[in-house]
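The values are calculated or read from the model by the stated rules, or taken from the named source; none is laboratory data. What you see is a predicted model; the values in this text were computed from it and never measured. These area figures cover heavy atoms from the full protein model, side chains too; ligands, DNA and RNA do not enter into them. Shrake-Rupley method; radii C 1.70, N 1.55, O 1.52, S 1.80 Å.
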Amino acid sequence: MAALHPRSTPRTSRGEATVAALLDAAAQLLSREDLSAVTTTRIAAAAGVGVGTLYGYFPGKEALACAVATRQRRQRETLLAEALGAASVQARVYRWVAAWLRHEGRAPVPTPRLRAFMLALVGPGDAQQVLAGLEASLASLAGPEAAFDPLGVQLAVRAVDALASDACTSDALAVPRGILRNALTELVLGQVRGPSARVGGLLERSAVHGLDLRQGQELGVLAEAKPLPSPNHRSSEDGAHPKRKEHEVFQRREPRVA
């Protein structure tokens with residue numbers, strides 16, 4: 001079995017630059033060719049170093065492929081972690097989805113290809129470990145004001161994983177990025193809130209704030225906005241619902257029959 005771990009780690013800035021160049025070269029080749037077609041000689045040549053230098057850091061192309069996968073995952077983790085800075089659950093989920101899509105659009109090796117390489121090299125356990133990490137990332141977005149359903153977290157991660165990858169690597173899902181962000185945000189919010197959750201309240205707020213989700217307008221604006229008061233909420237000043245007019249527009253209650 002091929003060795004899958006680096007042979008050594010760089011100790012100088014020059015060594016770090018060399019390893020980065022090797023990873024960039026490997027990613028470029030793996031983005032369009034199968035691992036069986038890629039050779040260490042070609043990777044070294046693309047990186048501008050001798051093959052002996054490559055072997056000083058990596059035992060073979062398999063270890064390089066694993067290192068490319070590790071680097072891409074860490075880059076995604078860094079982007080997803082930025083969502084924790086948002087104030088509300090809606091804003092955190094929106095930023096989390098946006099970060100995931102941004103990563104997929106920038107990833108040197110498309111996620112489906114990288115997953116296929118790792119499945120062949122490591123086995124299915126690697127994919128399960130990656131999904132578990134993504135589930136933990138999504139679960140971390142829950143705050144005191146919300147409890148995420150564990151099963152919903154699993155379903156949401158798998159849905160975003162599939163749709164984000166397809167949208168960024170295939171022409172089959174030709175959806176504008178703004179619309180996709182909105183749709184995935186709604187999907188995640190609906191799932192993590194449990195089987196009885198509904199996103200109707202979110203759609204209602206979108207109309208109140210003048211957003212048309214079908215046109216791909218940014219749900220991030222909505223996520224940062226204050227939620228609508230509940231129908232039973234009364235203002236301490238005048239006893240009236242502070243959003244009564246807007247609220248009634250979207251409820252469209254039937255007039256009472258005398």
Suppose all protein chains stay in the model; what accessible area per residue would a 1.4 Å probe give for region 1-99, in Å²?
49
Any residue on another chain or 5+ positions along whose placed amide H is under 5 Å from the amide H of Arg7 is listed here as Phe58
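Would you list Ser31, Ser13 from the most to the least accessible area, probe 1.4 Å? Display every interim value, and only then the final one.
Numbers: Ser31 40, Ser13 95 Å².
Sorted by accessible area, descending: Ser13, Ser31.
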